[in-house]
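Only one structure is covered here, and it is reproduced in the block below.
The values are calculated or read from the model by the stated rules, or taken from the named source; none is laboratory data. Everything quoted here is computed from the prediction, not taken from an experiment. Virtual Cβ from ideal backbone geometry, glycine too; neighbours counted across all protein chains shown. Accessible surface areas use protein heavy atoms only, side chains included; no ligands, DNA or RNA. Shrake-Rupley method; radii C 1.70, N 1.55, O 1.52, S 1.80 Å.
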Amino acid sequence: MILAVCAIVMSLPVFAQGLRVDDLGNRNVIVRIDDLSKKFLLLPIQEDAPESGVYVTVDGVAEPCRNVRLAIDRVDYMVPLELAPYQGKVVALDIHVGEGHRRTDVIKDVCWDKMCLSDDYSLENVEKYRPVFHHTPQYGWMNDPNGMFYHEGVWHLYYQFNPYGSMWGNMHWGHSTSTDLLTWEHHPVAIAPDQWGTIFSGSAVVDKNNTSGFGENAVVAMYTSCSLTQKQSIAYSNDGGLTFTKYEGNPVVTAPQECRDPKVFWNEETGCWNCVLVSPLEYEAWFYSSPDLKHWTKESEFGAHGNTSAIWECPDMIKVTDPETGKTKWVLLVNINPGGPAGGSATQYFVGDFDGKTFVCDTAPEVVNWLDYGKDHYATVSWSDAPEGRAMVIAWMSNWQYATQLPTRQFRSANSLARDLTLLKNADGSYRVGVLPSKEVEALRNAKPFTTSFTAGKTGRSFSLPSALCEIDMTFSCPKGSQVTFRLSNSEGEYTDLVYDGTSYTFDRTASGIIDFNNDFAVPTVAPASADKVQHVRMILDVSSIEMFDGKGWWAMTNLVFPNTPYDKIEVISNNGNCRVKSLKLYNLTQN
Ligand code: FRU
């Protein structure tokens, strides 16, 4: 265990064994690593300390800067710097210490004593709010999902990753894989910062026809290199997505302004690659085409549509099918921040047609469509090559309003469950995008759920939840003018309410548990109900998230919760005692 190892090292009178700390003044400290026999250098982090610039200097050559919140007064947790790549080399850290650090001859900041060499970095879960069947990073910060592709039965998921703390920064692509979308295997970092900058969001494809010349079935990732400017780069993998080589001709797309988050997709109709990226500050999506993933031609710009009140990020283009007719439409996803329906981050979408050059939107410029009405659903992007032509997406379950303040430590943020998109018809004949949890999620359900039916009264009927991991599936109908509340609660008096009033659903988490880390967290979220007389709602609970869906996918609403003890009860209350719950099913969810 890390702490034990460090405690031994800390009891030494001088700086930690194997390390030499040299304070040069003028905010510059050099730490020489004399002993490279251990696996890690553990760096002490204090989350509210300013970032120090750490240049790992190997045989005299500096690697790109890592910004690390080195502890000044207290250590919140440690982060590991792996030493294996440096064996046989001369290694020193050239540290440009952040504001607030003191000279070591005056008073020693805690980081210099607690920094230590170790063979252990504990990944045992110590986090109360870590979900079980949602994807999370083992440690460190995560935001957007990136580069998702499906190949030979394996789902690959990359993600915006800071390995040096549970706050945003030092963007790398972390990598996980799954064969069931519910359990995840973690792999070493796939793409790390280089001379072009840190690695921002992007996408990946399997180049089945070797159009790029990088090799048969090479996985080609396209991402934003971010330093002084933002430009698009590519990297390829010949080992199925585990390790990547950066293309020597990078960057492959440049522009005289900020632009980012390229989504590459193969266009069957034109036999060409397309890419969409955003110009965040102009609220525009730009479309490109390429024969080989290396040479890109800008084809068109799409903007002045939907919500343009805030920056556009992480676009995605995906073909979505109407299950009734088999008709397909192109759907452009644009994530925006802030400006979401309940404040902060959210995903909007546009249904339309695309000829490989121009996207033509079906709806008028003022129409805004939300993919999810919750507060914790952002950076939605799709899987490349999902099986059976399915349109499958995943979202980051957080909101930039408070993402860095969530009450977890060793890791921060989870991704949503995988979801399938379909086309549904609005009353006026236009299409909307339906969202449902992917069918793979149903593998978690127990075979015999608790099932009941009843008429909801004013005093409420309550039932025990099978566990903190469960799915609540209910169908009900309410006469006009009445409303029904579904309350999840625990013995500490904490609860969340989902209220249906005939036209909409409101989710309220003001009394849900820990909410005081940010005032924007407890704002209620509202989704428009379908016109169906018999309503069907699914709620999926996994420790600290509640994902809610209309049974046909008419609306989705994703919200985090941090109850002090898990909710163990559902209560159904009707204001006039007249709502008929036709079926309430409580599934226990477990991984097999
Ligand atoms: C969205 C975003 C992207 C960017 C990435 C950086 O959350 O701002 O636009 O590529 O995060 O981590």
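Quick notes
- Alpha-carbon centroids, segment 434-466 and segment 335-387: separation in whole Å: 29 Å
- Segment 404-414 - phi-based ³J(HN,Hα) in whole Hz, Karplus 6.51/-1.76/1.60, Gly and Pro as x: 7, 10, 4, x, 10, 10, 5, 9, 9, 5, 10
- Portion, in percent, of the accessible area of the chain that falls on carbon or sulfur, probe 1.4 Å: 50 percent
- Per residue, the accessible area of the chain comes to 38 Å² when a 1.4 Å probe rolls over the protein heavy atoms.
- Rounded, prolate or oblate (a/c below 1.5 giving rounded, otherwise prolate when a/b exceeds b/c) for the chain by Cα gyration tensor: oblate
- Residues of segment 97-112 with amide N under 11 Å of the 7 Å Cα→Cβ point at Glu63: none
- Global geometry of segment 2-118, whether rounded, prolate or oblate, following the gyration tensor of its Cα atoms and the 1.5 cut on a/c: rounded
- Taken along the Cα-to-beta-carbon direction at a fixed 7 Å, the label points for Ser37 and Lys108 span 2.3 nm.
- Using the Cβ of His187 as centre and a radius below 14 Å, the other residues enclosed give a net charge of -3, where K and R count +1 and D and E count -1.
- With the helix formula -39500 (n - 2.57) applied to DSSP H stretches of n ≥ 4, the chain reaches a computed 222 nm mean residue ellipticity of -500 deg cm²/dmol.
- Inter-part distance where segment 549-571 and segment 209-229 are each reduced to a Cα centre, Å: 39 Å
- Placing dummy labels 7 Å off each Cα toward the beta-carbon, the span from Thr590 to Val367 is 4.7 nm.
- Each label was represented as a point 7 Å from its Cα along the Cα-to-Cβ direction; for Asp94 and Asp48 these points are 3.3 nm apart.
- Relative contact order of segment 140-437, taken over Cα pairs closer than 8 Å and 6 or more residues apart, is 14 percent.
- Too-long pairs where the Cα-Cα distance tops 27 Å, listed order kept, from Lys480/Lys585; Lys38/Lys128; Lys458/Lys585: Lys38/Lys128
- Per-residue 3J(HN,Hα) values for segment 252-263, derived from phi via the Karplus relation 6.51 cos²θ - 1.76 cosθ + 1.60 with θ = phi - 60°, read 9, 9, 10, 8, x, 8, 4, 7, 7, 6, x, 10 Hz in sequence order (x marks Gly and Pro).
- Computed over segment 2-118, relative contact order equals 37 percent, with contacts defined as Cα pairs under 8 Å that lie 6+ residues apart.
- Three-way shape call for segment 116-155 based on the alpha-carbon gyration tensor, with the a/c threshold at 1.5: prolate
- Per-residue Karplus couplings for segment 497-510, computed as 6.51 cos²θ - 1.76 cosθ + 1.60 with θ equal to phi - 60°, are listed in order as 10, 10, 10, 9, 10, x, 10, 8, 10, 10, 10, 10, 10, 5 Hz, Gly and Pro entered as x.
- With a Förster radius of 41 Å applied to the C-beta separation of Asn576 and Thr328, the computed FRET efficiency comes to 0.40.
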